[in-house]
Amino acid sequence: MLPMHRVVALILPRVVAFDLAIPAQVFGHRDEIDRYAFSVCSEVAGLVPSTTGFAVHAPL
């Protein structure tokens, strides 16, 4: 078995949903669950607003 790769997307305030959707689709897809561990991070933990009116939760 190959080692799992960790992929982290940095989300900044007013993140564009499409820009976050691309890495989420590529690395967070269920077909890749054994190859990649995908997560998000931000400068500060909590809700990060997007340009489309929803917020993304960035954990500690």
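A single entry from 35, 30 fulfils the requirement of being out of contact with any Asp or Glu (no Cβ under 9 Å at 6 or more places or on another chain) and touching a residue at least 24 places away in the same chain (Cβ under 8 Å): 35.
For every residue, the table says whether it meets (1) at positive phi; (2) in contact with a strand residue (DSSP E or B) (Cβ under 8 Å, 6 or more places away or on another chain); (3) of a type in the set (Phe, Trp, Tyr).
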{"position": "16", "(1), (2), (3)": "no, yes, no"}
{"position": "19", "(1), (2), (3)": "no, no, no"}
{"position": "22", "(1), (2), (3)": "no, no, no"}
{"position": "25", "(1), (2), (3)": "no, no, no"}
{"position": "36", "(1), (2), (3)": "no, yes, yes"}
{"position": "47", "(1), (2), (3)": "no, yes, no"}
{"position": "52", "(1), (2), (3)": "no, no, no"}
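Being touching a helix residue (DSSP H, G or I) at 6+ places or on another chain (Cβ under 8 Å) and surrounded by 14 or more Cβ atoms within 10 Å (Cβ to Cβ) holds for only one residue in 50, 42, and it is 50. Taking the range 21-47 as the range and being in a helix (DSSP H, G or I) and among the aliphatic types (A, V, I, L, M) as the test, the residues that pass are 21, 22, 24, 26. Filtered by the rule that a residue be among the polar types (S, T, N, Q) and surrounded by 12 or more Cβ atoms within 10 Å (Cβ to Cβ), the range 7-39 gives a lone residue, 39.
Go through the residues of the range 10-23 one by one and say whether even a single one is under 16 Å from residue 59 (Cβ atoms) and touching a Phe, Trp or Tyr at 6+ places or on another chain (Cβ under 8 Å). No, every residue in the range 10-23 fails to be under 16 Å from residue 59 (Cβ atoms) and touching a Phe, Trp or Tyr at 6+ places or on another chain (Cβ under 8 Å).
Computed from the coordinates by the stated procedures, all read-outs in this text should not be read as laboratory data. Keep in mind it's a predicted model, so treat the numbers as computed, not measured. Because the Cβ atoms are built from the backbone with ideal geometry, glycine has one as well, and the counts that use them run over all protein chains shown.
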